[in-house]
Amino acid sequence: MARFLVTGGAGYVGSHTVLALVERGDDVVVVDNLSQGHRAAVPPGVELIVEDLANTRRVNEIFAGWRFDGVVHFAARSLVGESMREPLMYLAENVSNTLRVAEAAIKSGCMRFVLSSTAALFGMPDRIPIDEESRLHPLSPYGESKLMAERGLEWAQKVHGLHWSALRYFNAAGADPQGRLGEDHDPETHLIPLAINAALGLGPELTVFGDSYDTVDGTAVRDYVHVTDLADAHCRILDRLATGQGGCYNVGNGTGYSVRQVIDAVERVSGRKVPHRIGPPRPGDPPVLVASNERLRRDTGWSPRYESLDDIVRTAWAWRSAHPHGFEEAAAQRETPLPQAV
Ligand SMILES: NC(=O)c1ccc[n+]([C@@H]2O[C@H](COP(=O)([O-])OP(=O)(O)OC[C@H]3O[C@@H](n4cnc5c(N)ncnc54)[C@H](O)[C@@H]3O)[C@@H](O)[C@H]2O)c1
Ligand SMILES: O=c1ccn([C@@H]2O[C@H](COP(=O)(O)OP(=O)(O)O[C@H]3O[C@H](CO)[C@@H](O)[C@H](O)[C@H]3O)[C@@H](O)[C@H]2O)c(=O)[nH]1
């Protein structure tokens, strides 16, 4: 059994990874400031430390107080559009928090580090599928912040011998197949939950960002990878780091789906219409982002269990329709006192 610190473990990808680690018998501690995360997303028995990673003293204390074998660093600001309005805040926060966590880890002798990175590193890619040798050219401060974080970790490896990997996710999607966890952001900006909310009447009609791209039907194409498959990739990478081998990996299904295809999938799975209209393209959105996942498959034996878009959407639909108001409702239900025995 190993013990891991998961920053941002109350968030979407983080909580699914915490669950996967716990299920295979690892001991997990979560640190999260709950700015986006949810207490109810942290599995029972896992310690949640509510803290902001800006607090250097506390971050050092957390590492010194536990003997962690590794850290998985999810906590970050991750809205591309917001980063275009607040570039310096994004760079300062995402980079400094990553380096602060890495420094505290190294000081405490915790030498395995996994960074949540992103396909946004590649900007407008010059070839599809995108492999790890593709040109790194972020088009947003968000993407730039992850590239700078990766570079910082590279120096930590050269100088201090840190074993690290970056997992560059494409579009995380879906929910725990057993319905225990799901995606609950505020504001929600991701396509699949927005389409589901529109179908359920929980949100406004969906705006399709552009229908004149050079793609199969004019709408933008993305590589949707199931969050449980992402969680599995983190578990495998932590094991690989234990052998001293690191590296950067693209994590996607290797198949692209257009926005229209996503809408069709939500309609098939839910049996409802997704009210939508066509709007202008979102500035900075590349027409097509599809991963090559060959390196991850080769080095770790990973392969996605959820390759079909309908299967991915089905899990997201199941969670959202069972929890129309997300985790707050789930927590409130659990806090309802049990009826008194008479
Ligand atoms: N969701 C995606 O499609 C996607 C794609 C590529 C990369 N990523 C990256 O994966 C990671 C997780 O993404 P997500 O969608 O699960 O996001 P999320 O917002 O659901 O999770 C991030 C968590 O970190 C916490 N957090 C943020 N700043 C913090 C701070 N300063 N101190 C402590 N906790 C803090 C939040 O409360 C939240 O629980 C992020 O680093 C993101 O950039 C996500
Ligand atoms: O209301 C909406 C929202 C999205 N889209 C489109 O749907 C696709 C997916 O968009 P979204 O779910 O917002 O994800 P991305 O903008 O592709 O960004 C995600 O995937 C990136 C990597 O590919 C990560 O860097 C980001 O953190 C993550 O949010 C894109 O073509 C968008 O233009 C719409 O048409 N309407």
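Each residue, residue 239 and residue 135, gets one label point 7 Å from its Cα in the Cβ direction; the gap between the two is 3.8 nm.
Look at the dipole of segment 3-329 built from charges on Cβ: of 123, 31, 256, the Cα furthest out on the positive end belongs to 31. Spin-label model, residue 216/residue 328: points 7 Å from Cα along the beta carbon direction are separated by 3.7 nm. Under 5 Å from the amide H of residue 168 lie the amide H atoms of 117, 249, 250, 251, each residue being 5 or more positions distant or on a separate chain, with H modelled from the backbone and absent for Pro and chain starts. Rounded to the nearest 500, the 222 nm mean residue ellipticity of the chain from helices alone is -13000 deg cm²/dmol, with -39,500 (n - 2.57) taken per DSSP H run of at least 4 residues. Relative to the compact-globule estimate of 2.2 N^0.38 Å, the Cα radius of gyration of segment 2-136 comes out at 1.10. With the cut-off at 1.5 for a/c, could you classify segment 145-186 from its C-alpha gyration tensor as rounded, prolate or oblate? Note, shape of segment 145-186 comes out prolate.
Report the GluC sites (Glu not before Pro) located in segment 63-153 that are in a DSSP loop and have at most 12 other Cβ atoms inside 10 Å of their Cβ, or state none. Taking segment 63-153 and a limit of 12 other Cβ atoms within 10 Å, the loop GluC sites (Glu not before Pro) found are 133. When the Cα positions of 65, 301, 204 are compared along the charge dipole of the chain, 65 comes out farthest toward the positive end, with charges on each C-beta of Lys, Arg, Asp and Glu.
Annotation: amide H-H contacts under 5 Å for residue 210 (H modelled 1.01 Å from N, sequence separation of 5 or more, or interchain): 279. In order along segment 111-120, phi translates into HN-Hα couplings of 10, 10, 9, 10, 9, 6, 10, 8, 5, 5 Hz, rounded to whole numbers, per the Karplus curve 6.51 cos²θ - 1.76 cosθ + 1.60 with θ = phi - 60° and x for Gly and Pro. DSSP beta bridges fully contained in the chain are about 5 percent antiparallel. Classify segment 54-204 from the C-alpha gyration tensor, please: rounded if a/c falls under 1.5, else prolate or oblate depending on whether a/b exceeds b/c. Cα axes put segment 54-204 in the prolate bin.
Heavy atoms of the protein chains alone define the surface here; on that basis the chain has 45 Å² accessible area per residue at 1.4 Å probe size. Mean sequence separation of contacting Cα pairs (under 8 Å, at least six apart), scaled by the length of segment 3-329, corresponds to a relative contact order of 19 percent.
Assuming charge only on the beta carbon of Lys and Arg (+1) and of Asp and Glu (-1), the dipole of the chain about its Cα centre is about 420 debye to the nearest 20. Of all lysines in the structure, the ones whose alpha carbon falls short of 23 Å from that of residue 158, not counting any fewer than 8 places away in one chain, are 107, 146.
Over the C-alpha atoms of segment 3-329, the Rg to Rh ratio, Rh being the Kirkwood estimate, stands at 0.95.
Charge dipole of segment 166-255 (Cα centre as origin; +1 on each Lys and Arg Cβ, -1 on each Asp and Glu Cβ, all else neutral): 440 debye, rounded to the nearest 20.
The values are calculated or read from the model by the stated rules, or taken from the named source; none is laboratory data. Predicted model, so just to flag it, every value in this text is computed and none were measured. Neighbour counts run over all protein chains shown; Cβ positions are idealised from the backbone, glycine included. The accessibility values were calculated without ligands, DNA or RNA, using every heavy atom of the protein model including side chains. Shrake-Rupley method; radii C 1.70, N 1.55, O 1.52, S 1.80 Å.
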